[in-house]
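Colleague: For reference, the structure I am asking about is given below.
Just so it is clear, none of the values below were taken in a lab; they were calculated from the coordinates. Quick caveat: nothing in here was measured; it's all calculated off a predicted structure. A quick note on method: Cβ atoms are made from the backbone with ideal geometry, for glycine too, and the neighbour counts reach across all protein chains shown.
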Amino acid sequence: MTNLASKIDKDYHNQNPVLLVVLNGAFIFAADLVRRMEIPLQLDFLRISSYAGTSSTGKMEEHFLWRIDLKNQHVLIIEDIVDTGHTLHHLLDKIKAKEPASVDVVCLLQKPAAYAYPTPLKYVGLAIPNEFVVGYGLDYEGLGRDLDSIYTLKPA
Ligand code: 5GP
């Protein structure tokens, strides 16, 4: 975590980035990451939801909770986990439309085997196998976000 924070500090030196936290899952990761960073930054929060009855490839809607004008800003999205990448790339398209100076991603976890896009993610905490994980902000049916560590959910 400290290594990730230092690397971001170095890369965004003098850029006063806007860190966009994707709720709910990234809240603990974001809190730990920004407390280890030293450069001046702004934080904003957004929530992404799928329309009812759709899968992860379905239509998504994002809700900015406190809207900073992203035009000409250096934006860094803080995600909990990137699986297929559909959620993230939907968000990237929406953010690019706001004409930021740059937009990149830091995610705690990535499942490379499931990732369906050619663009690599700039900052990845840990690459994991294609398994369902809970804890440290990540839930299973609403539960488990409060767990202090990350666990693989095994079928009963
Ligand atoms: P993607 O659009 O990349 O397929 O899925 C991203 C979203 O699916 C994540 O933001 C997260 O909400 C959920 N997700 C994907 N894999 C996992 C997992 O292993 N555990 C949990 N709790 N959520 C996951």
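Colleague: If we count chymotrypsin sites (Phe, Trp or Tyr not before Pro) as exposed when they sit in a DSSP loop and have at most 14 other beta carbons within 10 Å, what is the longest stretch of the chain that avoids them all?
Modeller: That gives 67-131 as the longest site-free run.
Colleague: Under a crude label model (7 Å from the Cα following the beta-carbon direction), how far is Leu126 from Asp32 in nanometres?
Modeller: 0.8
Colleague: Another question, if that's okay. Could you pull out the longest piece of the chain with no exposed loop GluC sites (Glu not before Pro) in it, calling a site exposed if DSSP puts it outside H, G, I, E, B and it has at most 15 other Cβ atoms within 10 Å?
Modeller: 39-130
Colleague: I want to check the label-to-label distance for His89 and Leu153. Put each point 7 Å from Cα in the C-beta direction and report it in nm to one decimal.
Modeller: Going from the His89 label point to the Leu153 one covers 2.4 nm.
Colleague: Report the relative contact order of the chain, percent, no decimals, based on alpha-carbon pairs under 8 angstrom and at least 6 residues apart.
Modeller: Taking the mean separation of contacting Cα pairs over the length of the chain, I get 20 percent.
Colleague: Amide H of Tyr136 versus every other amide H placed in the peptide plane: which residues, excluding those fewer than 5 positions away on the same chain, fall under 5 Å?
Modeller: Hits under the 5 Å cutoff: Leu147, Asp148, Ser149.
Colleague: Now for a separate question. How high is the relative contact order of the range 67-156? Use alpha-carbon pairs under 8 Å, at least six apart in sequence, and give a whole percent.
Modeller: Relative contact order, the range 67-156: 24 percent.
Colleague: Arrange the following residues from fewest to most other Cβ atoms within 10 Å of their Cβ: Ser149, Ser6.
Modeller: Ser149, Ser6
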